[in-house]
1. Going through 398, 415, 379 one at a time, which residue ends up being of a type outside the set (Lys, Arg), farther than 25 Å from residue 302 by Cβ and touching a residue at least 60 places away in the same chain (Cβ under 8 Å)?
2. For segment 291-316, which positions are at negative phi, surrounded by fewer than 18 Cβ atoms within 10 Å (Cβ to Cβ) and not charged (D, E, K, R)?
3. Those residues that are over 17 Å from residue 199 (Cα atoms), open to solvent by less than 90 Å² (accessible area, probe 1.4 Å), without any contact (Cβ under 8 Å) to a residue 60 or more places away in the chain and assigned to a helix (DSSP H, G or I), I need them from segment 419-443; list them, please.
4. When segment 209-226 is examined, which residues are found to be closer than 29 Å to residue 414 by Cα and either of a type in the set (Phe, Trp, Tyr) or assigned to a loop (DSSP other than H, G, I, E, B) (or both)?
5. Hey, among the residues in segment 21-34 that are surrounded by 11 or more Cβ atoms within 10 Å (Cβ to Cβ) and of a type outside the set (S, T, N, Q), which one's modelled with the highest pLDDT?
6. Residues being open to solvent by less than 10 Å² (accessible area, probe 1.4 Å), assigned to a strand (DSSP E or B) and either within 23 Å of residue 305 (Cα to Cα) or modelled with pLDDT under 95 (or both): count how many of those fall in segment 38-94.
7. Going through segment 357-402 one residue at a time, which ones are hydroxyl-bearing (Ser, Thr, Tyr) and within 22 Å of the chain's Cα centre (by Cα)?
8. Residues of segment 243-274 being of a type in the set (Lys, Arg) and open to solvent by less than 30 Å² (accessible area, probe 1.4 Å), which ones?
Amino acid sequence: MASIPTILTTLLFFLLKSTISQQTNTNPKDPDCTDRWIHIRRLPSRFNTDLLSNCSEYPLFDDFCPYLPNHGLGQRTHSKSHSWFRTDPLMLELIFHRRMLEYPCLTPDPNSADAVYLPYYGGIDSLRYLYGPDVNSSVEHGLELFDFVKEQDSPKVWARHKGHDHFLVMARPAWDLSQPLDKDPPIWGTSFLELPEFYNVTVLTFETRAWPWQERAVPYPTSFHPPNLSLLESWIHRVRRSRRSTLMLFAGGGGVAATRNIRRSIRDECGNDTISNANYSNGYVKFCEIVDCSNGICEHDPIRYMKPMLEASFCLQPPGDTPTRRSTFDSILAGCIPVFFEELSAKMQYKWHMPEEEYEEFSVFIPKEDVVYKGLKILDVLMGIPRDRVWRMREKVLELMPRVMYRRHGSSVDLRTKKDAFDIAVEGTLQRIKYRLQEVEVQ
């Protein structure tokens with residue numbers, strides 16, 4: 001793996017390139033950029049690349065140095081891989097920043113911009129409050145950034161719309177950033193999203209709260225980042241042809257304690273000997289498979305779970321510590337129909353990328369209370385879905401695939417014709433900011 005200094009040097013080169021891009025690629029009369037102009041604010045390196053140099057300094061957190069190569073995509077899964085990487089979700093801030101440098105409608109003039117991007121690696125910066133020396137001052141997370149953008153660096157840029165036109169990415173669930181300001185002693189998390197100073201800023205996170213104000217959810221990055229359309233279409237073809245010999249699969253941990261919860265119910269049902277009753281066959285060789293991903297062993301090893309997912313019709317997505325899971329997007333990449341047990345797991349989260357009104361077309365919803373407390377069998381629900389409907393749902397899953405993946409930076413022109421998770425997030429952010437600014441003007 002490349003050394004950390006080498007990786008950081010490369011990143012700094014592209015940061016410099018972004019400054020040049022904003023000055024050379026701007027055509028204010030370009031019709032394709034109407035309502036799409038974005039200005040990248042120049043932040044000191046202490047707000048982004050300097051944070052990466054501390055990648056091994058949090059003993060209670062994993063060393064994330066191995067996941068910095070390839071601008072946050074991580075190392076390739078094997079030497080000949082073009083599309084598969086050992087991607088850590090925490091690197092979304094870096095991945096997003098790198099992709100912003102390729103955005104076609106950048107402008108050096110913040111006054112002509114429709115939105116302003118803050119390249120702040122807030123999720124990585126939060127580690128010093130969650131696991132590091134500043135754990136007792138977590139209410140201060142973000143104050144230094146606010147001081148810089150409001151007072152030190154072109155204060156008129158912030159004052160023009162009081163931050164309503166600014167947005168940033170934070171690669172953590174919103175709950176990790178929502179500690180009440182007056183909580184003493186501090187509980188888990190930081191108070192970034194509770195700071196009144198940032199109420200007007202749009203924050204892209206992995207998971208929103210039940211009553212989101214400034215945050216919007218975007219997909220977790222998976223390990224699949226194709227560089228061209230041919231490789232994407234080749235993968236979709238492979239997924240479509242895959243033989244689905246397993247009815248349902250759960251890839252994850254938990255559910256081993258005596259406490260009654262949905263993960264325990266899944267393990268109990270999958271371990272039930274009567275599940276092999278011939279009455280259930282319907283063409284399946286196995287009815288349930290569990291891929292044990294306890295202690296994070298699957299997180300950076302897609303081979304562990306992608307092959308079983310390719311062989312399963314349905315992938316169970318029970319909530320864990322929080323409602324959402326990266327596995328939801330892994331399953332979509334495998335053409336494995338997601339089964340949700342809470343609406344907060346996806347339907348109430350990723351409205352830009354997976355429209356709320358389409359969920360019945362590509363997923364199954366089973367209330368967890370019915371399974372845990374009323375004895376409803378997941379197997380019975382899934383076996384009751386007609387095969388032709390299962391086929392249609394899988395085709396819809398394949399249709400969603402480009403929308404929830406992050407293609408590789410520097411990808412081919414033909415692949416850029418398909419909107420990916422980044423494109424849709426930027427598009428949604430621009431629309432949200434436009435709407436908010438219109439609201440403010442009316443007030």
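1. On the way: 398 fails: farther than 25 Å from residue 302 by Cβ; 415 fails: farther than 25 Å from residue 302 by Cβ.
From the options 398, 415, 379, the qualifying one is 379.
2. Hits for segment 291-316 are 294, 297, 303.
3. Residue satisfying the conditions is 423 alone.
4. Filtering segment 209-226 for residues closer than 29 Å to residue 414 by Cα gives 216-226.
Those that are closer than 29 Å to residue 414 by Cα and either of a type in the set (Phe, Trp, Tyr) or assigned to a loop (DSSP other than H, G, I, E, B) (or both): 218, 219, 220, 221, 222, 223, 224, 225, 226.
5. Ranking the qualifying residues of segment 21-34, first place goes to 33.
6. Selection size over segment 38-94: 1.
7. Applying the first criterion (hydroxyl-bearing (Ser, Thr, Tyr)) to segment 357-402 yields 359, 363, 373.
Once the filter is applied, which keeps residues that are hydroxyl-bearing (Ser, Thr, Tyr) and within 22 Å of the chain's Cα centre (by Cα), segment 357-402 yields 359, 363.
8. Pass one, segment 243-274, residues of a type in the set (Lys, Arg): 243-244, 260, 263-264, 267.
Within segment 243-274, 244 is the sole residue that qualifies.
The values are calculated or read from the model by the stated rules, or taken from the named source; none is laboratory data. Model, not experiment: these values are computed from the prediction. FYI the Cβ positions are ideal-geometry reconstructions off the backbone, even for glycines, and counts take in every protein chain you see. To get the accessible areas, we keep the full protein, side chains included, count just its heavy atoms, and leave off ligands, DNA and RNA. Shrake-Rupley method; radii C 1.70, N 1.55, O 1.52, S 1.80 Å.
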